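Scroll down for the structure; my scribbles are underneath it.
The values are calculated or read from the model by the stated rules, or taken from the named source; none is laboratory data. From a predicted model like this one, the values you see are computed outputs, not experimental measurements. Cβ placement follows ideal geometry from the backbone for every residue including glycine, while neighbour counts extend to all protein chains displayed.
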């Protein structure tokens with residue numbers, strides 16, 4: 001690994017890449033910096049990186065030298081003070097476009113540490129630059145837990161030496177989202193998507209996904225869920241979204257919040273074996289009537305990618 005240092009700080013890391021490697025970067029933050037709206041998360045340690053991705057610390061910017069389909073996955077611990085309710089971290093490109101995000105709507109009187117996370121499928125063009133940016137309604141502070149306040153990992157799933165089959169033989173992926181606020185969702189109800197950002201060789205019609213080829217698939221989804229009813233002042237409600245195949249749940253996300261809390265974030269990423277002809281849909285598994293809320297640009301995101 002090659003490391004360029006200035007003033008004893010990592011400025012850019014750009015090691016040589018083996019011809020058998022895909023493209024990836026993994027970084028950790030352990031600082032507790034205060035972030036105003038528009039400020040970027042700064043990472044302190046580069047755990048792993050390949051030569052076609054660079055991280056410039058003085059600009060908190062990741063630059064890609066190869067196009068492809070990437071999984072962007074991160075979590076950030078932040079401390080929110082009182083006086084504002086909306087918190088969000090977004091992944092933004094050089095045009096300021098939000099390409100992956102997570103957020104929560106809270107009571108303005110609530111303060112404390114909150115964890116925001118997402119894993120999303122994103123199309124990247126060579127030369128693109130991205131940053132993790134605070135888009136909360138006010139200043140937040142990174143909150144370290146066991147000396148870690150944030151982690152980020154990005155892996156390219158296509159166009160690499162190791163992944164030629166993904167684009168040639170497989171070339172199978174889809175990414176969809178919903179950016180609307182939706183209420184009145186019953187347990188077991190099919191969730192709706194309003195936009196499709198990427199699609200290849202996976203059918204999609206009336207919120208039903210049709211698998212065109214058997215294999216192993218990376219499935220990732222996230223929802224911002226709010227509660228519309230109560231089980232009791234001291235009860236906890238399981239916030240959950242499930243992936244259903246031909247009427248049977250095969251994957252679920254989970255989060256548990258006191259039911260007087262109005263919004264929670266529930267996510268899941270897993271590898272699932274799927275067969276040609278499988279019909280998939282996402283449903284609400286939350287115990288009571290719930291809704292979706294746009295926080296950080298989206299209320300519901302899902303991606304399905306064949307990896308083997």
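Here are the numbers for this structure:
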{"item": "Search result, residues across the stretch 265-279 that are crowded, with 16+ Cβ neighbours inside 10 Å and either free of Cβ contacts under 8 Å to residues at least 12 places away in the same chain or within 11 Å of residue 221 (Cβ to Cβ) (or both)", "result": "266, 267, 268, 269"}
{"item": "Matching residues, the stretch 58-76, being within 22 Å of residue 137 (Cα to Cα) and surrounded by 21 or more Cβ atoms within 10 Å (Cβ to Cβ)", "result": "74, 76"}
{"item": "Among residues of the stretch 195-230, those that are free of Cβ contacts under 8 Å to residues at least 60 places away in the same chain, within 17 Å of residue 283 (Cβ to Cβ) and not in a strand (DSSP E or B), counted", "result": "1"}
{"item": "Qualifying residue in the stretch 68-87 (condition: in contact with a strand residue (DSSP E or B) (Cβ under 7 Å, 6 or more places away or on another chain) and at positive phi)", "result": "yes"}
{"item": "Subset of the stretch 272-308 [in a strand (DSSP E or B) and at pLDDT below 80]", "result": "295"}
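Matching residues to (1) over 19 Å from residue 266 (Cβ atoms); (2) in a loop (DSSP other than H, G, I, E, B); (3) modelled with pLDDT of 85 or more:
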residue: 47; (1), (2), (3): yes, no, yes
residue: 58; (1), (2), (3): yes, yes, yes
residue: 70; (1), (2), (3): yes, no, yes
residue: 74; (1), (2), (3): no, no, yes
residue: 82; (1), (2), (3): yes, yes, no
residue: 88; (1), (2), (3): no, no, yes
residue: 104; (1), (2), (3): no, no, no
residue: 115; (1), (2), (3): no, no, no
residue: 118; (1), (2), (3): no, no, no
